[in-house]
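The structure under discussion appears below in the form of structure tokens.
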Amino acid sequence: MDIISSLYIHFPYCRHLCNYCDFFKSAPSAIERSAKIPEYHKMLDLSIDRLKNFFEKNEVTLGELKTIYIGGGTPSLWGEEGVRFLKSFFEENNISISDQCEMTLEVNPGTWTDEGLEAFSNLGFNRFSLGVQSTRNDFLEKLDRVHRHEEVVNTLEKFNSMDANFSVDFMLGLPFSKEYKRNIKEELDQILSYNPSHISLYILTVKDNYVFHEALPDEEWIEKEFLQVSTYLRERGFLHYEVSNFSLPGKESIHNSRYWSGESICALGPSATGYIQKTGVRYKWKPYAAEFDSENLTENEIRMESFYLNLRTNKGIDLGEFFSGEELKNSRSLAESWKDRGLCELTSGGVILTPRGYLLMDSLMDEAFSHLKTL
């Protein structure tokens, strides 16, 4: 049997529903949340039993965990109660955790307590992902975030004082960026003064009915912001190791890197998505029940996803692994055209995108589909 060594758990509750976010979540009151969490725990207990049977049919098993990631939602709201549940959950299900396991918890400003963070740290959580997005109150207000600058600073100070390994989520393309003359460098200067080891950089993506849709900056502005951030962080020793991710050397997210390399992931919780590499099966939990839907990816779908995901990273792609004969020649010709436009660098046998190439990923994939028939 193949071994799965990564676990993702989705915590579905938030303090508030932001106007742009489309992750599965709800925002019950604190009293309502206290009543719902035991039901959530029961769902996880039932889910792991069903997943074990599913794994057995696919000839895989959950082995010693090398990565654990708790996302959401706002997992820091789970607090000490969550730690007690997880400790029992791991023990009752004979889930072994490596001494070197990367254990990540997502944290939002204003949603944590000293006691809760200490409990998670004592359980072994050694990496934290902070949902900052911006340090300016005017932008936080437009994003409908409930935290403000003071809570951002308090959170950054807390994790810096813990000498913690932590990442910061930072968002570009915010509404009114041009009108309010957003200064990206100024915000990042403040964030970096607290010594994060990782920055996750996201461009705001919303639907047409988004309340501030008409106030979003144009593509030229967003491109300028993205390239400015990439240059700024790389000059300060960060690796631009994936389209949306920067890290100090050795501080890359091991868990997320497993997604990008197509490795197996055990997933639990509402709307969480897992993958079994051995059989090419993807499964997604239903939002309100301990049930999931699964799909078998075709060899071509797996190959296409691998091409796309590897192209998103600083490892790039080896063209010889994907193409042969005339198609290999065509792929090299296409790569040469990307290089001439400043969108990639060429290695002995492959392609690594530049930051400008990362920014144009969707159009580059369209070009690849139109030029390379085997994709």
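Listed values, structure above:
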item: Qualifying residue in the range 340-350 (condition: assigned by TED's automatic domain parsing to the domain that holds residue 62, in contact with a Gly (Cβ under 7 Å, 6 or more places away or on another chain) and under 30 Å from residue 191 (Cα atoms)); result: no
item: Residue 321 closer than 30 Å to residue 230 by Cβ, in a helix (DSSP H, G or I), more than 26 Å from the chain's Cα centre (by Cα) and at pLDDT below 95; result: yes
item: Number of the exception - residue 350 against (1) surrounded by 12 or more Cβ atoms within 10 Å (Cβ to Cβ); (2) more than 27 Å from residue 200 (Cβ to Cβ); (3) not hydroxyl-bearing (Ser, Thr, Tyr); result: (2)
item: Given (1) within 20 Å of residue 357 (Cα to Cα); (2) out of contact with any helix residue (DSSP H, G or I) (no Cβ under 8 Å at 6 or more places or on another chain); (3) among the aromatic types (Phe, Trp, Tyr), index of the condition residue 226 fails; result: (2)
item: Helices (runs of 4 or more DSSP H) wholly inside the range 104-186 containing at least 3 residues that are under 20 Å from the mean Cα position of the chain (by Cα), of a type outside the set (Lys, Arg) and at positive phi; result: none
item: Residues being within 15 Å of residue 274 (Cβ to Cβ) and part of a helix (DSSP H, G or I) - total across the range 57-99; result: 1
item: Selection status of residue 105, in contact with a Lys or Arg (Cβ under 8 Å, 6 or more places away or on another chain), under 22 Å from residue 274 (Cβ atoms) and of a type in the set (A, V, I, L, M); result: yes
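The values are calculated or read from the model by the stated rules, or taken from the named source; none is laboratory data. Since the model is a prediction, treat every value here as computed from it, not as a measurement. Neighbour counts run over all protein chains shown; Cβ positions are idealised from the backbone, glycine included.
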